[in-house]
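The values are calculated or read from the model by the stated rules, or taken from the named source; none is laboratory data. Computed from a predicted model, the values in this text were never measured in an experiment. With ideal geometry, Cβ positions are generated from the backbone for all residues, glycine too; neighbour counts draw on all protein chains shown. What goes into the accessible areas is simple: the full protein's heavy atoms, side chains included, and nothing from ligands, DNA or RNA. Shrake-Rupley method; radii C 1.70, N 1.55, O 1.52, S 1.80 Å.
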Amino acid sequence: MRRSVEAIFLVYEDHHPHVLMFQTNASCFRLPGGVLKPGQDEIEGLKNCLNERLGPSNPETQTSEENINWNVGECLSIWWRPNFANYCYPYLAPHVSRPKEQKKMFLVHLPDKQELFVPSNLKLVAVPLLELYYNASRYGPEMSNIPQYLSRFTFYYAD
């Protein structure tokens with residue numbers, strides 16, 4: 001079974017909460033993250049994936065001191081892919097004995113100031129939570145449920 005992890009970065013822009021996502025083209029959005037190696041810890045694997053995607057642009061020359069110290073928080077959701085179809089489900093159906101993928105989404109807290117290095121083939125966009133809510137046709141069921149995952153938290157924003 002393939003295991004993958006994704007990061008939910010919550011930022012505050014124009015007095016509204018936003019989620020940072022990668023945009024590959026006009027209609028394709030995804031969260032930062034990646035696939036874990038067999039036996040790899042989820043938190044450490046997510047930190048490695050984030051350093052590969054958003055860390056300094058030349059990972060061969062960077063040292064462990066140059067890695068960004070990601071503050072990975074709570075696991076907000078677990079999605080299951082029962083077969084190699086496109087869709088994931090927020091539960092594992094009882095008739096599925098060997099799912100093909102387990103995807104976990106973690107809340108990652110950003111420091112006050114952080115420089116992110118975005119790959120040239122991707123664009124990092126801040127999508128308002130209001131736009132994500134109930135908009136599965138554009139963002140898919142996993143990302144359109146992010147506002148519900150975050151509803152159990154109370155956020156205080158400081159300028």
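Assorted remarks:
- Taking every C-alpha pair closer than 8 Å and separated by at least 6 residues, the mean separation divided by the residue count of the chain gives a relative contact order of 29 percent.
- Fraction of accessible area attributable to carbon and sulfur, segment 2-150 (%, probe 1.4 Å): 49 percent
- Probe 1.4 Å, all protein chains present, accessible-area order of 68, 8, largest first: 68, 8
- Top of 66, 44, 52 by mean-square fluctuation, Gaussian network on the chain, Cα under 10 Å: 66
- Most mobile of 84, 22, 117 in a GNM of the chain (Cα contacts under 10 Å): 84
- For residue 41, solvent-accessible area (1.4 Å; no DNA, RNA or ligand), Å²: 90 Å²
- Amide H contacts under 5 Å for residue 101, placed H, 5+ residues apart: 2, 81
- When only the Cβ of Lys, Arg, Asp and Glu is charged (+1, +1, -1, -1), the dipole of segment 75-159 relative to its Cα centre reaches about 420 debye.
- Charged side chains reduced to their Cβ positions (Lys and Arg at +1, Asp and Glu at -1) give the chain a dipole of some 860 debye around its Cα centre.
- Solvent exposure ordering (accessible area, 1.4 Å, most first) of 97, 77: 97, 77
- Farthest toward positive dipole pole in segment 2-150 [+1 Lys/Arg, -1 Asp/Glu at C-beta], among 118, 90, 27: 90
- Cβ charges +1 (Lys, Arg) and -1 (Asp, Glu), total dipole of segment 1-51, debye: 300 debye
- If both residues of a DSSP beta bridge must be in the chain, then about 75% of such bridges are antiparallel.
- Count, lysine Cα pairs under 27 Å in the chain, 8 or more residues apart or across chains: 14
- Comparing segment 65-159 with the 2.2 N^0.38 Å rule of thumb, its C-alpha radius of gyration ratio is 1.31 (two decimals).
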